[in-house]
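What follows is a single structure, written as structure tokens, with notes after it.
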């Protein structure tokens, strides 16, 4: 169990596609318990309509492939976020991950609507929280990720839109 004094929590969302009903439901249930919110695109502006639930949170978002500023390059397609020396690389489409990105712990992406958690050959993890487009889309149920972390470990909980944990993983800092 983590020491509650030195922990933080991150909510990772993707592919809400302007489904404000589902997005607000998750934010009402989870936002009070988080310090950071990552939105991985489609739709970039969706969080803007929910600032009443996001006061005091650190927000990071990247545009999805359908955003006009993604296409013209006026919004960055990627963002790197450091929390407790854990490095998160945020991107909507995994095709936009460069071939070499040094010392990233988590590549967080969306686009496919499929929940993914896997380790690559370099010791980094790929994390796709799924989607919030509808209760089911492309045969995948709506889902998101909730991370509880400190400098030594990250507890990852994938949740369905009702808030029930569907997968759990623990990653320990070894570098």
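The values are calculated or read from the model by the stated rules, or taken from the named source; none is laboratory data. In this text the structure is predicted, and so the values were computed from the model without any measurement. Here the Cβ is made from the backbone with ideal geometry for all residues, glycine too, and neighbour counts use every protein chain on show.
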*Is at least one residue of region 18-25 farther than 18 Å from residue 137 by Cβ, touching a residue at least 60 places away in the same chain (Cβ under 8 Å) and surrounded by fewer than 21 Cβ atoms within 10 Å (Cβ to Cβ)?*
no
*residue 41: in contact (Cβ under 8 Å) with a residue 60 or more places away in the chain, within 18 Å of the chain's Cα centre (by Cα) and part of a loop (DSSP other than H, G, I, E, B), yes or no?*
yes
*Is there a residue being part of a strand (DSSP E or B), within 20 Å of residue 64 (Cα to Cα), within 11 Å of the chain's Cα centre (by Cα) and without any contact (Cβ under 8 Å) to a residue 60 or more places away in the chain anywhere in region 148-165?*
no
*asked:* Looking at region 66-83 only, could you name the residues that are touching a helix residue (DSSP H, G or I) at 6+ places or on another chain (Cβ under 8 Å) and either modelled with pLDDT under 95 or part of a loop (DSSP other than H, G, I, E, B) (or both)?
replied: 75, 77
_Looking only at region 26-58, how many residues end up being surrounded by 13 or more Cβ atoms within 10 Å (Cβ to Cβ) and under 30 Å from residue 95 (Cα atoms)?_
22
